[in-house]
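> What follows is a structure written as structure tokens; I'll ask about it next.
The values are calculated or read from the model by the stated rules, or taken from the named source; none is laboratory data. The model shown is predicted, which means the values in this text are computed figures rather than measured ones. Please note: Cβ atoms are built from the backbone with ideal geometry, for glycine as well, and neighbour counts cover all protein chains shown. Calculation scope for accessible area: heavy atoms of the full protein, side chains included, ligands and nucleic acids excluded. Shrake-Rupley method; radii C 1.70, N 1.55, O 1.52, S 1.80 Å.
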Amino acid sequence: FPFDIVAKSLDIKIEKANASVASDRLHILNAIVGNTDDFDAPPPETHEEYTVLNNFVIGAFASSIWLLQKASQQENKTFWKKMITQLSKSTRRGKMKLDFNDWKLNENQAVELISRLPLTTYQLKIDMCSYGYAFAAALANWIRKAKNLKTFCCENSCFGRNEQDGGRDAGITLAEAFGENKTIKAVRLWGTDLLGERNAPQWAAAIERNTSLEVFLVQGFALRLPKNYDKKSKIESYVGGQFLISDGVLFDEGYISLAEGIKRNQSLKVIGLEFHGASREGIVSLGPALMMNETITKVCIDEGFEARVTTKKGIKDLRMYVNYRTPQVTF
């Protein structure tokens with residue numbers, strides 16, 4: 001449909017609509033408000049059920065990624081404001097996939113968008129995001145309010161944007177939000193600067209507090225590190241900009257910190273840690289945590305081909321901690 005025609009959907013008011021047969025309009029509106037005793041009675045001019053249905057229908061249009069992208073590109077920003085306002089009112093349960101490589105948003109628009117996602121969203125995926133701390137803070141506030149969120153995935157994104165502590169602080173802000181969320185079941189961070197050695201203690205605290213999280217998967221940047229690297233040096237992100245290596249890689253210290261949160265968590269079932277530059281010491285630090293944790297049944301650890309010998313030794317030693325544990329843990 002042409003954009004101008006689709007855009008008119010934001011003004012839908014079911015109570016103002018006409019029907020080809022006048023009596024049908026009476027029947028439909030009475031059915032909406034629950035007046036099933038007399039379908040031919042004059043329906044009320046206003047009713048909260050009209051608002052609920054209007055928001056559902058308008059929200060379905062406002063949740064369209066294509067329409068949101070088109071709205072963001074209009075010179076008249078009034079329509080963009082109208083779109084995201086209606087988006088926030090949507091009661092439609094669904095998935096949202098935001099690949100920002102396909103968008104042309106400025107930072108203010110990105111913050112507005114993430115702040116007004118429907119609270120009925122149960123799966124959110126963010127890809128190729130480079131909007132910085134303000135975006136992460138808005139996302140964290142939304143996560144705190146999202147009572148239906150089950151799955152969160154962030155891939156190939158950089159929140160540090162050349163700022164010394166940007167990625168670390170963005171990760172801490174999101175960790176605190178996940179610690180408070182009571183519905184999230186799966187978190188996947190793939191190629192981001194949201195979790196690394198410097199903020200692993202805060203993520204551990206969030207994991208400890210969370211009572212719903214079942215799957216926690218994190219992939220770092222260890223495979224991209226030069227041979228002679230300094231943790232305080234920076235690495236290029238997938239979306240432009242740089243961040244500190246220790247904001248995208250756990251190393252042994254990060255493993256040890258996360259183990260403390262895993263030890264006390266009572267809901268986790270699957271943990272995946274890939275490409276975090278961990279030695280045998282870091283991997284084995286999960287052993288005491290797995291002995292105390294009674295819910296984890298699967299652990300995935302991968303440090304890449306060149307580190308395969310070290311990884312195999314670490315996992316072998318890790319098995320010794322859980323050989324007699326029930327339920328069994330697979331690696």
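> If I ask for residues that are at positive phi and either at pLDDT 90 or above or of a type in the set (Lys, Arg) (or both), which ones from segment 227-283 would you list?
Step one: of segment 227-283, the residues at positive phi are 240-241, 251, 275, 277.
Answer for segment 227-283, where residues must be at positive phi and either at pLDDT 90 or above or of a type in the set (Lys, Arg) (or both): Phe251, Phe275, Gly277.
> What are the pairs, 6+ residues apart or on separate chains, where a residue within segment 30-41 that is within 15 Å of Asn18 (Cα to Cα) has its Cβ under 9 Å from a residue that is surrounded by fewer than 13 Cβ atoms within 10 Å (Cβ to Cβ) and polar (S, T, N, Q)?
Final answer for the pair search is Asn30/Thr36.
> In addition: Under 9 Å by Cβ, and 6 or more places apart or on different chains, what pairs join a residue from segment 127-153 that is at positive phi and in contact (Cβ under 8 Å) with a residue 24 or more places away in the chain with one that is open to solvent by 20 Å² or more (accessible area, probe 1.4 Å) and β-branched (Val, Ile, Thr)?
Met128/Val239
> Right, another one. Within segment 230-256, work out how many residues are polar (S, T, N, Q), in contact (Cβ under 8 Å) with a residue 40 or more places away in the chain and surrounded by fewer than 22 Cβ atoms within 10 Å (Cβ to Cβ).
Here is the first cut: in segment 230-256, the residues polar (S, T, N, Q) are 233, 237, 242, 246.
With the extra rule that they be in contact (Cβ under 8 Å) with a residue 40 or more places away in the chain, the set shrinks to 237, 242, 246.
Subset that is surrounded by fewer than 22 Cβ atoms within 10 Å (Cβ to Cβ): 242.
Here the count works out to 1.
> Within segment 270-304, how many residues are assigned to a helix (DSSP H, G or I) and surrounded by 20 or more Cβ atoms within 10 Å (Cβ to Cβ)? Give the derivation first.
Filtering segment 270-304 down to residues assigned to a helix (DSSP H, G or I) leaves 280-284, 286-292.
Add one more test, that the residue is surrounded by 20 or more Cβ atoms within 10 Å (Cβ to Cβ), and what stays is 282-284, 286, 289-290.
Within segment 270-304, residues that are assigned to a helix (DSSP H, G or I) and surrounded by 20 or more Cβ atoms within 10 Å (Cβ to Cβ) number 6.
> Which ranges mark the strands (runs of 3 or more DSSP E) fully within segment 182-269 that have 1 or more residues being within 19 Å of Glu163 (Cβ to Cβ)?
On the way: elements: 186-192, 215-219, 234-236, 242-244.
Hits in segment 182-269: 186-192, 234-236, 242-244.
> So which residues in segment 183-211 are open to solvent by 10 Å² or more (accessible area, probe 1.4 Å) and either on the phi > 0 side of the Ramachandran plot or at pLDDT below 95 (or both), if there are any at all? I'd like the intermediate steps shown before the answer.
So the first thing to find is which residues in segment 183-211 are open to solvent by 10 Å² or more (accessible area, probe 1.4 Å), and the list is 183, 185-186, 188, 190, 197-198, 201-202, 205, 208-209, 211.
Selection gives nothing.
> For segment 305-330, give me the residue count where each residue is in a loop (DSSP other than H, G, I, E, B) and surrounded by 14 or more Cβ atoms within 10 Å (Cβ to Cβ). So that I can check it myself, show each step before the final result.
Of all residues in segment 305-330, those in a loop (DSSP other than H, G, I, E, B) come to 305-307, 323-329.
Subsequent filtering for residues that are surrounded by 14 or more Cβ atoms within 10 Å (Cβ to Cβ) retains 307, 325, 329.
The number of residues fulfilling the criteria is 3.
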